[in-house]
Amino acid sequence: MTDFTLWIACRDQKLSESWYRLFSRECLRAERVETLADLARASDGRKGLALVTLGLPDLRSPAEFKAFITGRKNLSAIAVAPKDKADNSLIAELLESGADDFVMADIDERILLSKIKAHLRRILPSLVCLRTLVVSRNGDLRIDRVKRVILTGAKKKRPAELENITPKEFDILSTLVCNEEHVVTRDFLMEEIWKERSGQVNCETIDKHVETLRHKLGPYGKCVKTVYGSGYMYKAEGAK
């Protein structure tokens with residue numbers, strides 16, 4: 001499953017706490033660190049996006065940022081700097097050093113959140129698409145994305161193949177299980193599954209597909225949780 005984390009590398013406790021609360025309200029898995037060394041340890045072997053603030057004890061220049069981010073294919077980074085230090089030259093250097101984006105430390109939270117979501121729309125599909133076999137955390141549901149087969153009771157000697165699943169229902173379930181225990185928004189499902197036709201789809205369409213999918217999943221339907229005001233989450237509890 002996709003284990004994706006949003007790291008906040010910042011020594012300003014007030015700012016760090018504010019952003020942590022912001023992301024947590026959006027059901028994003030967020031963690032806080034205060035040095036690049038801490039970020040390196042926390043992100044080792046894990047995929048994620050980091051907000052990296054200039055002024056960390058071990059980050060004083062774009063050159064140090066470049067030395068850190070080079071070779072870390074699992075980690076995307078947004079550079080952050082105080083407004084009084086963020087001139088055009090510094091911004092250009094940070095972007096050329098490997099930052100995926102740049103924001104001011106006093107950025108409006110609504111804009112920051114929109115930027116984060118835009119990066120997630122870009123990053124998460126690429127992570128999900130790398131996997132052809134998806135297995136739920138309890139090992140009881142297996143999805144073969146090449147053969148487009150769903151097996152329930154996969155831990156048993158004779159698992160059952162789920163039948164009569166439409167292509168869209170298959171894609172919704174595989175996306176939810178790929179991101180197990182993470183909220184998948186309706187907007188993300190629209191863009192990920194309907195792609196260029198996403199503008200022709202509304203939330204009611206997604207909800208109807210999920211309702212039908214739950215019914216077809218039988219006891220596993222309980223694993224598809226509604227996160228009100230946001231989207232859906234697959235959580236393996238309740239599957240037997």
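Figures for the structure shown
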item	result
For residue 234, residues with placed amide H under 5 Å, excluding near neighbours	181, 182, 225
Compactness of segment 131-234 - radius of gyration and Dmax, Cα, Å	13.2, 43
Cα-Cα over 26 Å, subset of 168/225; 83/117; 157/222; 14/225	14/225
Label-point gap, in nm, between residue 157 and residue 122 - each point 7 angstrom along Cα→Cβ	5.2
Inter-label distance, nm, simple model (7 Å from Cα along the C-beta direction), residue 74/residue 41	1.6
Base-10 log of normalised Debye intensity for segment 1-102 (one unit scatterer per alpha-carbon) at q = 0.12, 0.16, 0.18 Å⁻¹	-0.36, -0.65, -0.82
Calculated from backbone phi, Karplus (6.51, -1.76, 1.60) coupling profile of segment 81-91 in Hz, x at Gly/Pro	8, x, 4, 6, 10, 9, 8, 4, 5, 5, 4
Calculated from backbone phi, Karplus (6.51, -1.76, 1.60) coupling profile of segment 182-199 in Hz, x at Gly/Pro	10, 6, 10, 6, 4, 4, 5, 4, 4, 6, 6, 9, 8, 6, 5, 9, 4, x
Among 146-159, 169-182, 39-52, 200-213, the order from most to least packed when residues are scored by Cβ within 10 Å on average	169-182, 39-52, 200-213, 146-159
Long-range amide H partners of residue 53 with built H, under 5 Å	9, 80
Per-selection metrics, the chain (Cα): Rg and Dmax in Å	20.0, 65
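FYI, it's all coordinate maths here, none of it is from the lab. Quantities reported herein were computed from a predicted structural model and do not represent experimental measurements. In this analysis, Cβ positions are derived from the backbone assuming ideal geometry, glycine residues included, and neighbour counts consider all displayed protein chains.
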